[in-house]
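The values are calculated or read from the model by the stated rules, or taken from the named source; none is laboratory data. This is a predicted model, so every value here is computed, not measured. So basically every Cβ, Gly included, is an ideal-geometry build from the backbone, and we count neighbours across all protein chains shown.
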Amino acid sequence: QSNYEDLQKIEGISLIAGNGEKNDILQQLIKIDFHDTVIRVKPAKYLKKYDNVPKNKSSSLHTRAWLKIQDGCNRFCTYCKVPYVRGPARSRTVEDVLEEVSNLNSNGVKELVLTGINLGTYGRNKDKGKTNLAKLISLISDFKGIKRIRLSSIELIDIDDELLNTFKNCSKFCHHLHIPLQSGDDKILNLMNRPYNTSIFYKKISLIKQVIPDIAITTDIMVGFPNEDSNSFSKTINFVRKICFAKIHVFKYSNRKECLAALLPNKVDNRVKKERSKRLQDLSIELFYDFQKKFLNSIADVLVEDEIKDKEGRIYSRGITDNYIKVIIPDFIGKKGEIVSVKLNQISSNYVISLV
Ligand code: SF4
């Protein structure tokens, strides 16, 4: 999407398709003449604010499906090229989304994961006040076959009182939120142009945990952003512990030519980035173990997603709780697609074993 002029110079490429054009790639391949390079990329500057989002075929595990409802972003964090390549924030219409939900519902999907670049802005480019993410979740929850609704990720500042009330009151809403933090140092958050500081972040997370005590809050952290010194990194480690995230996805900063952060001085050495990344990954394992431990010996509802067989032929069912704990149930068969109540008996690093 962003470097198609460079790609065009490479010999042997027949088709370059942009993000908005990737859905009908097979039809495009059928039509092209393989002697020339065909470019089908709509530059982000031509994406209009009210353009609808291209329909993706929702990808599905049969029990769980990912449904894209929003694209683009207006925020311009200084390290991120998404606004330049995906264009401004825009949303699918409610009718369009509900039509797809209806199809997935008829096909036996039990859990829907709503996805988008900036999910919390859903509906803001539509008729003001008529639709937003909270209202959409309520409408989706009316489909009887859909038992769970999950969000792929949401920015902290988009969680307002209406949305928090929906999280609390919608019985189908999964108690799992992925909220990117990026850094635990206010100096770095400011340089990143993130729309909060650690104090705002802490207060909002405390409120969410107060309203939904068993919630899993996971996050993204970027290491090695320019000017992140050892003091900044220590602040991040301490803040991550203070928040008690259930899991952390760690990313290493890299320069993007479109982005303002590329102009900042005091770049961080790759070796240091690797060390910091490793420390946070180890911390994530520790935090997830502690998170799972809180639910040891409790009863949890598990959506059974598949069955696997080990070398000895023993069968295990695999599934997840609504707060994203992976559960393995030995000698348990024939329940794929069902939500079963089981006791969480033993913790492994990445999953919990239930002995029924
Ligand atoms: S990091 Fe997220 S909020 Fe920031 S510009 Fe990128 S997509 Fe937008």
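Under the condition of being free of Cβ contacts under 8 Å to residues at least 60 places away in the same chain and either of a type in the set (Asp, Glu) or farther than 14 Å from Ile308 by Cβ (or both), the residues counted in segment 339-353 number 9. Taken together, Gly72, Gly116 contain a single residue that is within 11 Å of the ligand (Cβ to nearest atom), closer than 23 Å to Asp322 by Cβ and under 19 Å from the mean Cα position of the chain (by Cα), which is Gly116.
Of the residues Lys209, Lys203, the single one that is surrounded by fewer than 17 Cβ atoms within 10 Å (Cβ to Cβ) and either over 30 Å from Gly319 (Cα atoms) or among the hydrophobic types (A, V, I, L, M, F, W, C) (or both) is Lys203. Restricting segment 119-151 to residues that are within 16 Å of the ligand (Cβ to nearest atom) and outside any loop (DSSP other than H, G, I, E, B), the residue that is farthest from Cys170 (Cα to Cα) is Thr121.
In segment 310-356, the qualifying residues are those that are among the acidic types (Asp, Glu) and farther than 25 Å from Asn107 by Cβ, and the one that is surrounded by the fewest Cβ atoms within 10 Å (Cβ to Cβ) is Glu312.
If you go through segment 96-149 and keep only what is hydroxyl-bearing (Ser, Thr, Tyr) and within 25 Å of Lys336 (Cα to Cα), you end up with Ser102, Ser106, Thr115, Ser141.
If you go through segment 180-191 one residue at a time, do you hit one that is touching a residue at least 24 places away in the same chain (Cβ under 8 Å), hydroxyl-bearing (Ser, Thr, Tyr), part of a helix (DSSP H, G or I) and touching a Leu at 6+ places or on another chain (Cβ under 8 Å)? Looking through segment 180-191, none of the residues is touching a residue at least 24 places away in the same chain (Cβ under 8 Å), hydroxyl-bearing (Ser, Thr, Tyr), part of a helix (DSSP H, G or I) and touching a Leu at 6+ places or on another chain (Cβ under 8 Å). Among residues that are farther than 29 Å from Asn227 by Cα, of a type in the set (Asp, Glu) and part of a strand (DSSP E or B), Glu312 is not included. Residue pairs whose Cβ atoms lie under 8 Å apart, sitting 6 or more positions apart in sequence or on different chains, and linking a residue in segment 263-275 that is farther than 13 Å from Ser230 by Cα to a partner that is among the β-branched types (Val, Ile, Thr), are Leu264/Thr78. Among the conditions (1) under 15 Å from the mean Cα position of the chain (by Cα); (2) without any contact (Cβ under 8 Å) to a residue 40 or more places away in the chain; (3) surrounded by fewer than 18 Cβ atoms within 10 Å (Cβ to Cβ), the only one that Asp142 does not satisfy is (1). Contact annotation: residue pairs with Cβ atoms under 8 Å, 6 or more positions apart or on different chains, pairing a residue in segment 65-86 that is touching a residue at least 24 places away in the same chain (Cβ under 8 Å) and over 15 Å from Gly123 (Cβ atoms) with a partner that is within 7 Å of the ligand (Cβ to nearest atom) and of a type in the set (Lys, Arg), are Pro83/Arg75. Phe167 meets each of the listed conditions (1) of a type outside the set (Ser, Thr, Tyr); (2) within 16 Å of the ligand (Cβ to nearest atom); (3) touching a helix residue (DSSP H, G or I) at 6+ places or on another chain (Cβ under 8 Å) apart from (2). Within segment 77-96, the set of residues being at pLDDT below 95, assigned to a loop (DSSP other than H, G, I, E, B) and within 9 Å of the ligand (Cβ to nearest atom) comprises Lys81, Ala89.
Just to check your reading of the model, which residue among Arg256, Arg318, Arg241 is in a strand (DSSP E or B) and closer than 28 Å to Ser152 by Cβ?
On the way: Arg256 fails: in a strand (DSSP E or B); Arg241 fails: in a strand (DSSP E or B).
None of the others qualify; the one that does is Arg318.
Tallying residues that are surrounded by 17 or more Cβ atoms within 10 Å (Cβ to Cβ) and either of a type in the set (A, V, I, L, M) or assigned to a helix (DSSP H, G or I) (or both) within segment 226-238 yields 4. Of the residues making up segment 153-164, those that are assigned to a loop (DSSP other than H, G, I, E, B) and touching a helix residue (DSSP H, G or I) at 6+ places or on another chain (Cβ under 7 Å) number 4. Number of residues in segment 97-118 that are assigned to a helix (DSSP H, G or I) and touching a residue at least 12 places away in the same chain (Cβ under 8 Å) equals 8.
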